[in-house]
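The values are calculated or read from the model by the stated rules, or taken from the named source; none is laboratory data. These figures come from a predicted structure and were not determined experimentally. Cβ sites come from the backbone with ideal geometry, for glycine too, and all protein chains shown count toward neighbours. Remember, those area values only see protein heavy atoms, side chains included, never the ligands or the DNA or RNA. Shrake-Rupley method; radii C 1.70, N 1.55, O 1.52, S 1.80 Å.
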Amino acid sequence: MKVLILGSGGREHALAWAVARSPRVTEVVCAPGNGGIAQIARCVPVKLNDVDAMVGLTEAERPGLTLVGPELPLSLGVVDALKERGLRVFGPTRQAALLETSKGFAKRFLQRHTIPTPNYAVCASAAELEKAIDVFHPPIVVKADGLAAGKGVIVCDSRATALEGAHGLFAGTLLGEPERQVVIEEFLTGEEISFLCLSDGKHVIPLLPAQDHKRIGEGDTGPNTGGMGVYTTDELLAPAMREWILHHIAEPTIRGMAEEDTPFAGVLYCGLMMTARGPEVLEFNARFGDPEAQAILVRLESDVVDALEACIDGNLGSLELRWSPGASACVVASSAGYPGAYKTGVAISGLGAAAQVPGVEIFHAGTARVGQQMLTTGGRVLGATAAAASLEEALARAYQALAEIHFEGIYFRRDIGRRALKLSQ
Ligand code: AMP
Ligand code: GLY
């Protein structure tokens, strides 16, 4: 079978790697892909904001299965467009992807279905927000309704700064585009967990829970990023807690979407805060996380294509996933300046030596190959991902591989998984 993957990040590299391991797969095509993906798949150019181009490409390639990696094409309805043409595609419809693409929709949905989430108000104007804010005690979280690539959340230590932030979102001075709705939310404290599940619209199978490191700086300081590193361990959540989240958060979400005639098939990523009163939903994503996908997929022993096809065919109820025991870690290396402005076109060296470190996969994100040279093209450049019997070992391998890689301004956090290591001692 030929598989087409839409996207160009580390997540898509990991998906291409996992798909290529399936004995059922004869060819992997990735659009547009990146320098690393080009080593294991045929890359073809496409714009991920151009639904017609993505449909045209898929019709021309005629893959047996298309996977949509990032949120942008989901938000534009590429899955709907491909399905209308009878093509087999993994990912939620535009309406189902509203769980990620509209925070206002997600919050109201959570409330309708009594799924735990912080107290909130969805406001359509600054005047409405000024009224609603009185019942919130600082710190107050202000969120853009729409997709914002991790830049749409402001934590404010007073009502005045919350109002200022909300004004900036409504006026379009913060994100470029004016927001039609802004969500204000109670600030929660606790450990954040990425709880990803597969769903066929009816059944739900959890993947391995993971912990992301969203801030750029060590010790979780500085601005938010797309994610600077992730780990999974068998101990991350106790079995009873995993069951609780499945029964009280993931399953009711899938049931609720089906009841509302917008069944959700694909990856449901529940971004959770483990609070003193239990897990609560901070956000949903309608896709694999990046870099969660990298750390999760290196531990998947089952055939990923069987699992993704079961989501399309409604057969997830009879599927069981096998995982390698132990742990995994992915440490992301970024360009100097990220998540602000950064240089591109910087030469990368040491990739060969890094690939020699046992048990490590280097998944590329912002790279392109020009002639014989790999160059940086993005903020998050690549990540070193390792699975091992223990988190300590997985991290040691990932960091050993990164020590081999050089490019001007390379930056990575040296404390990925450190809190988890301390807790387990
Ligand atoms: P979101 O895009 O909604 O997940 O927000 C991005 C990040 O902001 C989350 O991963 C959290 O670290 C933080 N955040 C969002 N909402 C809250 C909240 N209600 N309380 C505390 N932190 C939050
Ligand atoms: N790593 C967070 C995300 O994929 O949204």
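If the condition is being farther than 30 Å from Leu246 by Cβ, touching a helix residue (DSSP H, G or I) at 6+ places or on another chain (Cβ under 8 Å), part of a helix (DSSP H, G or I) and of a type outside the set (A, V, I, L, M), then the stretch 111-133 contributes only Glu130. Looking for something exposed (fewer than 15 other Cβ atoms within 10 Å of the Cβ) and closer than 20 Å to Asp306 by Cα - is there at least one such residue anywhere in the stretch 42-61? There is no residue in the stretch 42-61 that is exposed (fewer than 15 other Cβ atoms within 10 Å of the Cβ) and closer than 20 Å to Asp306 by Cα.
Suppose we filter the stretch 215-243 for residues that are closer than 30 Å to Gly378 by Cα and touching a residue at least 40 places away in the same chain (Cβ under 8 Å); how many remain? So the answer is 15.
Are any of the residues in the stretch 102-111 polar (S, T, N, Q), within 16 Å of ligand 2 (Cβ to nearest atom) and either more than 30 Å from Val305 (Cβ to Cβ) or open to solvent by less than 20 Å² (accessible area, probe 1.4 Å) (or both)? Among the residues of the stretch 102-111, at least one is polar (S, T, N, Q), within 16 Å of ligand 2 (Cβ to nearest atom) and either more than 30 Å from Val305 (Cβ to Cβ) or open to solvent by less than 20 Å² (accessible area, probe 1.4 Å) (or both), which makes the answer yes.
Scanning the stretch 225-236 for residues that are within 16 Å of Glu292 (Cα to Cα) and surrounded by fewer than 18 Cβ atoms within 10 Å (Cβ to Cβ) yields a count of 1.
Consider the stretch 270-279 and keep the residues that are more than 10 Å from ligand 1 (Cβ to nearest atom) and either assigned to a strand (DSSP E or B) or among the aromatic types (Phe, Trp, Tyr) (or both). The one that is surrounded by the most Cβ atoms within 10 Å (Cβ to Cβ) is Cys270. Here the condition is being in contact with a Leu (Cβ under 8 Å, 6 or more places away or on another chain) and of a type outside the set (Val, Ile, Thr); of Glu186, Glu179, it holds for Glu179 alone. Looking across Val122, Val135, one residue alone is in contact with an Asp or Glu (Cβ under 9 Å, 6 or more places away or on another chain) and either away from ligand 1 (no atom under 13 Å from the Cβ) or over 12 Å from Glu186 (Cα atoms) (or both). It is Val122.
I'd like the residue in the stretch 280-306 that is small (Gly, Ala, Ser) and touching a helix residue (DSSP H, G or I) at 6+ places or on another chain (Cβ under 8 Å) and, out of all such residues, is surrounded by the fewest Cβ atoms within 10 Å (Cβ to Cβ). Per the stated criteria, the residue is Gly289.
Considering the stretch 195-230, and only residues there that are part of a strand (DSSP E or B) and among the small types (Gly, Ala, Ser), the residue that is farthest from ligand 1 (Cβ to nearest atom) turns out to be Ser199.
When Thr367 is tested against (1) hydroxyl-bearing (Ser, Thr, Tyr); (2) surrounded by fewer than 20 Cβ atoms within 10 Å (Cβ to Cβ); (3) modelled with pLDDT of 95 or more, exactly one condition is not met: (2). The set of residues in the stretch 280-304 being touching a residue at least 24 places away in the same chain (Cβ under 8 Å), away from ligand 1 (no atom under 16 Å from the Cβ) and either of a type in the set (D, E, K, R) or in a strand (DSSP E or B) (or both) consists of Arg299, Leu300, Asp303. Take the conditions (1) open to solvent by less than 40 Å² (accessible area, probe 1.4 Å); (2) under 18 Å from Val305 (Cα atoms); (3) touching a Lys or Arg at 6+ places or on another chain (Cβ under 6 Å); Glu27 misses just one of them, which is (1).
Does Glu309 satisfy the criteria of being over 18 Å from the mean Cα position of the chain (by Cα) and in a helix (DSSP H, G or I)? Yes: the conditions hold for Glu309.
Step by step: first the residues of the stretch 148-194, then only those that are away from ligand 1 (no atom under 13 Å from the Cβ) and of a type in the set (Val, Ile, Thr), then the one that is least open to solvent (accessible area, probe 1.4 Å). Which residue is that? Result: Thr161.
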